[in-house]
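Only the coordinates and a few stated rules stand behind these numbers; no lab work does. The shown structure was predicted, so the numbers you read here are calculated from the model rather than taken from an experiment. Quick reminder, even Gly has a Cβ in these numbers, built from the backbone with ideal geometry, and neighbours come from all protein chains shown.
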Amino acid sequence: AYEPDGSLRSRSLPGAVLHDPAAAASRAVSIARDGRVRAADGTWLSIATDTLCIHGDTPGAAQIARAVRTALVAAGIEVRA
């Protein structure tokens, strides 16, 4: 998750880590296709990225990765690796 100033939200704060695969997939598509992400306060941030990272130490990381990949491909976004 991101703070309104564009910095990453501390993982110790509520809402910093997504555990729902569908929510993670939706956020990934928004970032990759639309170049924007909703900050922790609900505002939209413009964001430019070439890569997305899924932390392997997050519970359910494999399911999240599958959901993100499926959503990106369905949106016509090239996935490598």
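Assuming charge only on the beta carbon of Lys and Arg (+1) and of Asp and Glu (-1), the dipole of the chain about its Cα centre is about 200 debye to the nearest 20. Net charge around Ser10, counting only other residues with Cβ within less than 15 Å of its Cβ (Lys, Arg = +1; Asp, Glu = -1)? Net charge in that neighbourhood comes out at -1. Counting only other residues whose beta carbon sits under 12 Å from that of Ile31, what net charge do I get with K and R as +1, D and E as -1? Within the 12 Å Cβ shell, the charges total +2. Karplus-derived 3J(HN,Hα) values for the stretch 61-66, using 6.51 cos²θ - 1.76 cosθ + 1.60 with θ = phi - 60°, are 4, 5, 5, 4, 4, 5 Hz; glycine and proline are entered as x. In angstrom, the C-alpha Rg and Dmax of the chain are 12.2, 34. Using a Gaussian network model of the chain in which every pair of alpha carbons under 10 angstrom is joined by a spring, one finds that among Arg27, Arg36, Arg11 the greatest mean-square fluctuation is at Arg11. In percent, rounded to a whole number, the relative contact order of the chain is 32, using alpha-carbon pairs under 8 Å and six or more apart. In the chain, helices alone account for a calculated mean residue ellipticity at 222 nm of -8500 deg cm²/dmol, with every DSSP H run of four or more residues adding -39,500 (n - 2.57).
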